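Read through the structure below, which is laid out as structure tokens, and then see the notes.
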Amino acid sequence: MKLQETSAPDIPAQNTLVIMADEHSPKMLGCAGHALVQTPHFDALAARGTRFARAYTPCPICVPARAAFATGRYVHELGFWDNSMGYDGRVQGWGHRLQAAGIRNESIGKLHYRHETDPVGLDKQYIPMHIKDGVGMVHLSIRRQYPDFIPTIKSSGIIAAAGCGESEYTRYDRKVAKLACEWLAEAAKREERWVLFVSFVAPHFPLVAPEEFFSLYPVADMPLPKAGVGSDFRPHPWLADFIRTTAADQHSAQQHRTAAAAYLGLCSFVDAQIGLVLEALQQHGLAGSTRVIYTSDHGENAGARMLWGKSNHYEESSGIPLIIAGDGIPNRVSHTPVNLIDVHPTILHSTGLAHGTDGTPGTSLIALAAADDDPDRVAFSEYHAARSPSASFMVRKGRYKLIHYVGFAPELFDLDTDPEEQNDRAASPNHQGVLRDLERCLREIVDPQAVDRAANAAQKALVDSRGGPAAVMANLVTTKAYTPVPGEFLRE
């Protein structure tokens, strides 16, 4: 489905700095109205540019979302279904377009593609993090393809590990910020247009926040998450395995509050690292000639509905922060729904290359920022990955959002009257017309059943190629629920 076209403003070609965090909930920003989180650098960036208040990931898990980001195409078009199928460059994206045009194009930090040697469209990668050994988490490709195999579902340990301190991820992110500042200092000496992709891991778990930032959020003052442990929340049946994995009901209120403080601390930590990069941009005289894009690959449940992590289509998980600032960008909040795939044409637009003519479904955020709000623009997301019993799809149009589960009843939310998504309207007689309209929009983009079959078949083939589910589970080489950083940061 080709999304609505918006006329692009005539802007000068500039440098483009793309900054990405990992697992940053769109609600955890001061400029988004959060009552507790301290994010002064994000807030300042939003104050001089456009913040998209209705931004979504194409897939609420890292590796597929980043493949979509790299190419400007949806996950079902690509076939990078989960965290064991890393982007390898065989579908070209904005990086390849920049290389063909001779525009310097490099990255610092997390990519989560397949391997550093793959032709992913980057001239150089500094301390890249990719899926482990080019293989990733194959055990998470085991879903419902093997009726006679019942995998053991272990707790992710996210809540239990939460607290104050340094982790391999915070050490890594400090190095990412340092290298980005050094890169910008060097770039200021050269007369060439460039794109730099700076990618941090925070606030992704482990929820271990450095003391300077953890102490900003007294544990005793942390509110318990909505629809959490002790509430009368009844989860959708599709979510059952995810909730068992979180094991939220096995932890005390104190542990939940500690996890909340650590997550907010990591939001402030990554804000501070990005502040260093933006300060370097200013210090070296590049601010006036550089557009800045900030986003995340997906969001974070942060305990809502007894869930930590991502992997669903509620706002906390499928929503993302998205801010763009610089020449030609108005100072405003846009309520037009947008998607991470819209960054692809935005980078091309910002650097002076043709965009909107390559068959990708996105639209330049520069054009959308300059246009009037279009709340009926369709936002789409999909999920086929770890522990899901079937595919899940999201369609946002206007005030309503549909979550379609293959083989399960759908959910429908009115986000104007119910922004916390606590009242499912899918069975309401008064909302059947809305439900039909959003189902029609969904099927204009994708055939849910056919895509679900394709994802499961590809995942089964991968697992079979490694000896089947029992062999995969027996040969796990790590007990971590997250991707390790490059080795030197484990040894520090």
Worksheet item: Counting Lys and Arg as +1 and Asp and Glu as -1, what is the net charge of the other residues whose Cβ lies under 13 Å from the Cβ of Ala379?
Response: +1
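Sorted by packing (mean other beta-carbon atoms within 10 Å per residue), highest first, where do 408-419, 269-280 land? Intermediate results must be reported in sequence, preceding the final value.
Working: 408-419: 16.1, 269-280: 21.9.
By packing density, highest mean first, the sequence is 269-280, 408-419.
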Discussion item. Can you report the principal axis dimensions of the stretch 164-209 using only the alpha carbons, biggest first, rounded to whole angstrom?
Written reply: 43, 14, 10
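FRET efficiency for Val333 and Ser465, Cβ-Cβ distance as r, R0 = 30 Å, nearest 0.05?
In this case the efficiency is close to 0.05.
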Discussion item. So for the stretch 397-487, averaging the separation of alpha carbon pairs under 8 Å that are six or more residues apart and normalising by length, what relative contact order in percent results?
Written reply: 18 percent
Discussion item. For semi-axes √(5λ) of the Cα gyration tensor in Å, pick the label among (1) 39, 28, 21; (2) 42, 30, 19; (3) 31, 26, 24 that corresponds to the value derived from the coordinates.
Written reply: (3)
Practice prompt. For a quick protection proxy, order the peptides 61-69, 434-442 by their average other-Cβ count within 10 Å, most packed first.
Written response: 61-69, 434-442
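Going highest first, how would you order 292-298, 374-380, 359-365 by mean Cβ packing within 10 Å? Each step should come with its number before you reach the end.
Working: 292-298: 26.4, 374-380: 18.9, 359-365: 22.9.
Result, highest mean Cβ count within 10 Å first: 292-298, 359-365, 374-380.
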Response to the item:
Spelling it out for Tyr400: with amide H atoms placed in the peptide plane at 1.01 Å from N, the residues 5 or more places away or on another chain with amide H under 5 Å from its amide H are Leu415
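Please sort by residue number the chymotrypsin sites (Phe, Trp or Tyr not before Pro) in the stretch 110-186 whose DSSP state is loop and whose Cβ has at most 15 other Cβ atoms within 10 Å. Write down the numbers at each step before the final one.
Working: sites: Tyr113, Tyr126, Phe149, Tyr169, Tyr172, Trp183; in loops: Tyr113, Phe149.
When the chymotrypsin sites (Phe, Trp or Tyr not before Pro) of the stretch 110-186 are filtered for loop state and at most 15 Cβ neighbours within 10 Å, Phe149 remain.
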Item to complete: Counting only C-alpha contacts under 8 Å and six or more residues apart, can you give the relative contact order of the chain as a whole percent?
Response: 26 percent
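With 10 angstrom as the radius, rank Ser84, Ser390 by how many other C-beta atoms surround their C-beta, starting from the fewest. Could you put the intermediate results ahead of the total?
Working: Ser84 26, Ser390 18.
Lowest count first: Ser390, Ser84.
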Practice prompt. Within the stretch 459-474, find all residues whose amide N lies under 20 Å from a label point positioned 7 Å from the Cα of Gln250 along Cα-to-beta-carbon.
Written response: 473-474
Fill in: For His112, distant residues with modelled amide H under 5 Å away
Met129, His130, Ile131
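With both partners inside the stretch 15-375, how many of the DSSP beta bridges are antiparallel, as a percent to the nearest 5? Please report the intermediate quantities before stating the final value.
Numbers: 8 of 37 bridges.
If we restrict to bridges inside the stretch 15-375, about 20 percent are antiparallel.
Just so you know, all these numbers are worked out from the coordinates, no wet-lab data involved. As the structure is a prediction and not an experimental result, all values here were calculated from the model. With ideal geometry, Cβ positions are generated from the backbone for all residues, glycine too; neighbour counts draw on all protein chains shown.
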